[in-house]
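K.L.:
Below are the structure tokens for one structure; questions will follow.
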Amino acid sequence: MKRWYVVIAVALLLAGCGNREEEVIEPAGPEDSVETENQTTDAVMFQEIDVTAEGEQFHIIGQVKTSADVFFYRIEQGGEIIQEEESVKLEGEDPEAFQNFGIMETFSGDILEHEEPPIVIMYGKNEDNKEINANFVPIDTEQ
């Protein structure tokens, strides 16, 4: 008798899982991939990032390569934005070469006393004004 309960339960389970007539998944064609490539043509890469914190000030220096002449950054702490988005204009002529950059900011005393470190998020933007290639750089504020 118990076998029949198991057989009926398995049959109901399989019948419930096999009813997918309405949902059709179509493979992506080549036209879909071209559209995706056009939406994210910009890129930004960072390298050799060095962070120095002295009291309430911090300096970030490094190199960036981007197809645009600008990249952006903002500062967050504990999931909250403590400094809104700023842009860094690059002066190099060759978009295929890495260019030097520097960021210098000053923190207030309450930011330094906070339990979590501030995080500088550096990124580029695509044609839709969305963040791309975000890099998270924590700032060690402990003395």
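K.L.:
Among the residues of the range 57-69, count how many are at pLDDT below 90 and within 17 Å of the chain's Cα centre (by Cα).
P.N.:
Matching residues across the range 57-69 total 2.
K.L.:
Scan the range 53-80 and report the pairs whose first residue is buried (at least 17 other Cβ atoms within 10 Å of the Cβ) and whose second residue is among the hydroxyl-bearing types (Ser, Thr, Tyr) and in a loop (DSSP other than H, G, I, E, B), with Cβ atoms within less than 7 Å and a gap of 6+ or a chain change.
P.N.:
Ala53/Thr141
K.L.:
If you don't mind, another one. Is there any pair with a first residue in the range 118-131 that is assigned to a strand (DSSP E or B) and a second that is hydroxyl-bearing (Ser, Thr, Tyr) whose Cβ atoms are under 8 Å apart and which are 6 or more apart or on different chains, and what are they?
P.N.:
Qualifying pairs under 8 Å: Val120/Tyr73; Ile121/Tyr73; Met122/Tyr73; Tyr123/Tyr73; Gly124/Thr66; Glu131/Tyr123.
K.L.:
Examine the range 9-21 for a residue that is modelled with pLDDT under 85, part of a loop (DSSP other than H, G, I, E, B) and touching a Ser or Thr at 6+ places or on another chain (Cβ under 7 Å), and state whether such a residue exists.
P.N.:
Of the residues in the range 9-21, the ones modelled with pLDDT under 85 are 9-21.
With the extra rule that they be part of a loop (DSSP other than H, G, I, E, B), the set shrinks to 18-21.
Of the ones still in play, those that are also touching a Ser or Thr at 6+ places or on another chain (Cβ under 7 Å) are none.
The answer is no, given that none of the residues of the range 9-21 is modelled with pLDDT under 85, part of a loop (DSSP other than H, G, I, E, B) and touching a Ser or Thr at 6+ places or on another chain (Cβ under 7 Å).
K.L.:
Could you please let me know if Asn133 is in the same structural domain as Phe46 (by TED's automatic domain parsing), on the phi > 0 side of the Ramachandran plot and either in contact with a strand residue (DSSP E or B) (Cβ under 6 Å, 6 or more places away or on another chain) or of a type in the set (Val, Ile, Thr) (or both)? Walk me through it before giving the result.
P.N.:
Details: in the same structural domain as Phe46 (by TED's automatic domain parsing): yes; on the phi > 0 side of the Ramachandran plot: yes; either in contact with a strand residue (DSSP E or B) (Cβ under 6 Å, 6 or more places away or on another chain) or of a type in the set (Val, Ile, Thr) (or both): yes.
The answer is yes for Asn133.
The values are calculated or read from the model by the stated rules, or taken from the named source; none is laboratory data. Here the structure is a predicted model, which means the values were calculated and not measured. Note: ideal-geometry Cβ built from the backbone for every residue, glycine included; neighbour counts use all protein chains shown.
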